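Here the structure comes first, spelled out in structure tokens, and everything after it is commentary.
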């Protein structure tokens, strides 16, 4: 399993539109066979900050995800909504093991 946390800082006027676009992307993303989980979380004390928690089954699945129409639509839709470029951090799964996911 590969876990990616994508950190996004959104312009205040774009919070609702970013949230809607991200939820649409997440709903489509969890239909991909290579995605075990796809969470959209919003910071409580600063609603302009989001983290996308993406859990992939194999190291090749993020590249496959980026080839999908729904990802490319999301990427293009939210590009101008960001207050700064998004960043990501990759993690290895320690616990639970693969048997505990999706």
*Check 37, 64 and return the single one that is more than 28 Å from residue 13 (Cα to Cα), in contact (Cβ under 8 Å) with a residue 24 or more places away in the chain and either in contact with a helix residue (DSSP H, G or I) (Cβ under 8 Å, 6 or more places away or on another chain) or not in a helix (DSSP H, G or I) (or both).*
37
_Being at pLDDT below 95, loosely packed, with under 13 Cβ neighbours inside 10 Å and in a loop (DSSP other than H, G, I, E, B) is the filter here; which residues of the range 67-100 pass it?_
94, 95, 96, 97
*Are any residues in the range 40-51 assigned to a strand (DSSP E or B) and either out of contact with any helix residue (DSSP H, G or I) (no Cβ under 9 Å at 6 or more places or on another chain) or within 22 Å of residue 63 (Cβ to Cβ) (or both), and if so, which ones?*
40, 41, 49, 51
*Report whether or not residue 50 is surrounded by 16 or more Cβ atoms within 10 Å (Cβ to Cβ) and within 18 Å of residue 69 (Cα to Cα).*
no
*Complete set of residues in the range 1-34 that are farther than 16 Å from residue 86 by Cβ, touching a strand residue (DSSP E or B) at 6+ places or on another chain (Cβ under 7 Å) and assigned to a helix (DSSP H, G or I)*: 23
*asked:* So, in the range 24-34, exactly how many residues are within 11 Å of the chain's Cα centre (by Cα) and surrounded by 16 or more Cβ atoms within 10 Å (Cβ to Cβ)?
replied: 3
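The values are calculated or read from the model by the stated rules, or taken from the named source; none is laboratory data. All of these numbers come straight from a predicted model, not from anything done at the bench. Glycine also receives a Cβ, built like all others from the backbone with ideal geometry; neighbour counts cover every protein chain displayed.
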